[in-house]
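First, the structure itself, so that you have it in front of you.
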Amino acid sequence: MGSNKTNIVPLAEASGRQGRRRARTRAELLRAGKQLFASRGFHGTKVADIATAADVGTGTFYLHFENKDALFADLVKETSLRMREEMDAAKIGSTDPHEQNRAATSTFFRFAAENRDVFRILFGHSAQFDTLLHEVHALFVADIEQSYSEGVDAKVFKPFRAAIVAQAIVGMLSQLVSWWLDHQEIPIEEITDTAHRLIRQGTTRDA
């Protein structure tokens with residue numbers, strides 16, 4: 001019985017180390033993929049290039065991702081989740097739905113500008129990543145639908161169907177940021193303010 005117990009601890013420790021090592025390797029592959037996609041473009045980047053940049057063998061790449069598309073899909077999903085977390089954090093300081101929307105819109109455009117290479121690939125190859133784009137949209141549609149419903153209940157927003165409003169806002173912001181990433185001469189303050197005013201004027205309940 002005693003010998004069995006002494007064997008269990010090292011096995012658990014080894015398993016933990018292996019898991020952490022695997023997570024680090026995966027993170028390095030994602031980092032390398034993001035950098036290469038930015039510098040060479042999606043189609044100009046090969047799996048072997050990503051593996052080399054991450055200092056691992058090509059075989060190791062395939063232990064983590066089925067192919068280059070799978071790596072990019074995970075990169076987009078993780079980037080989108082980080083963006084949603086930052087947008088949620090930006091809204092914490094206010095209870096006014098309009099100010100929360102302004103904070104979220106500002107964070108959205110700032111985050112897109114900081115991660116423009118990922119978004120350019122996603123929007124620039126929309127046919128190839130149509131399913132992925134729908135998944136990203138669904139992530140934000142659900143949040144906006146809930147927020148809008150709460151605003152309607154508080155008599156701040158017009159009593160439109162929240163699902164329609166959420167789809168309209170996500171569709172508008174998605175198209176707008178896709179266009180803006182190729183028109184960086186337009187200040188972020190201007191595009192943020194314009195988008196916020198369009199949303200506010202279209203949704204604010206009449207006094």
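Quick check, is Val118 of a type outside the set (Ser, Thr, Tyr), more than 22 Å from Ala162 (Cβ to Cβ), touching a Lys or Arg at 6+ places or on another chain (Cβ under 7 Å) and at pLDDT below 90? Spell out the reasoning first.
Values: of a type outside the set (Ser, Thr, Tyr): yes; more than 22 Å from Ala162 (Cβ to Cβ): yes; touching a Lys or Arg at 6+ places or on another chain (Cβ under 7 Å): yes; at pLDDT below 90: yes.
So Val118 passes the test.
Within the stretch 91-102, is even one residue in the same structural domain as Thr204 (by TED's automatic domain parsing), buried (at least 18 other Cβ atoms within 10 Å of the Cβ) and among the aliphatic types (A, V, I, L, M)?
no
Would you mention how many residues in the stretch 182-199 are out of contact with any Ser or Thr (no Cβ under 9 Å at 6 or more places or on another chain) and either at positive phi or surrounded by 17 or more Cβ atoms within 10 Å (Cβ to Cβ) (or both)?
1
So which residues in the stretch 84-117 are among the hydroxyl-bearing types (Ser, Thr, Tyr), in contact with a helix residue (DSSP H, G or I) (Cβ under 9 Å, 6 or more places away or on another chain) and outside any helix (DSSP H, G or I), if there are any at all?
Within the stretch 84-117, just Ser94 meets the criteria.
Does the stretch 47-68 hold any residues that are part of a helix (DSSP H, G or I) and surrounded by 14 or more Cβ atoms within 10 Å (Cβ to Cβ), and which are they?
If the condition is that a residue be part of a helix (DSSP H, G or I) and surrounded by 14 or more Cβ atoms within 10 Å (Cβ to Cβ), then Val47, Asp49, Ile50, Ala51, Thr52, Ala53, Thr60, Phe61, His64, Lys68 are the ones that fit.
Failed condition for Glu114, given (1) acidic (Asp, Glu); (2) within 30 Å of Gly151 (Cβ to Cβ); (3) in contact (Cβ under 8 Å) with a residue 24 or more places away in the chain, with all others met?
Only one criterion in (1) acidic (Asp, Glu); (2) within 30 Å of Gly151 (Cβ to Cβ); (3) in contact (Cβ under 8 Å) with a residue 24 or more places away in the chain is unmet by Glu114, namely (3).
Residue pairs, Cβ under 8 Å, 6 or more apart or interchain, first in the stretch 72-85 and within 11 Å of Leu30 (Cβ to Cβ), second β-branched (Val, Ile, Thr). List them.
What qualifies is Phe72/Ile121; Leu75/Val118; Val76/Val118; Val76/Val136; Lys77/Val136; Thr79/Val118.
Restricting the search to the stretch 149-173, which residues are buried (at least 18 other Cβ atoms within 10 Å of the Cβ) and out of contact with any strand residue (DSSP E or B) (no Cβ under 6 Å at 6 or more places or on another chain)?
Val152, Phe157, Ala162, Val165, Ala166, Ile169, Val170, Leu173
OK, next. On the given criteria, is Arg120 assigned to a helix (DSSP H, G or I), charged (D, E, K, R) and within 15 Å of Ser178 (Cβ to Cβ)?
yes
Still on this structure: Of Ala54, Ala70, Ala104, Ala89, which residue is of a type in the set (Gly, Ala, Ser), at pLDDT 90 or above and farther than 30 Å from Ala166 by Cβ?
Ala54
The values are calculated or read from the model by the stated rules, or taken from the named source; none is laboratory data. Just so it is clear, the model here is predicted, and its values are computed rather than measured. With ideal geometry, Cβ positions are generated from the backbone for all residues, glycine too; neighbour counts draw on all protein chains shown.
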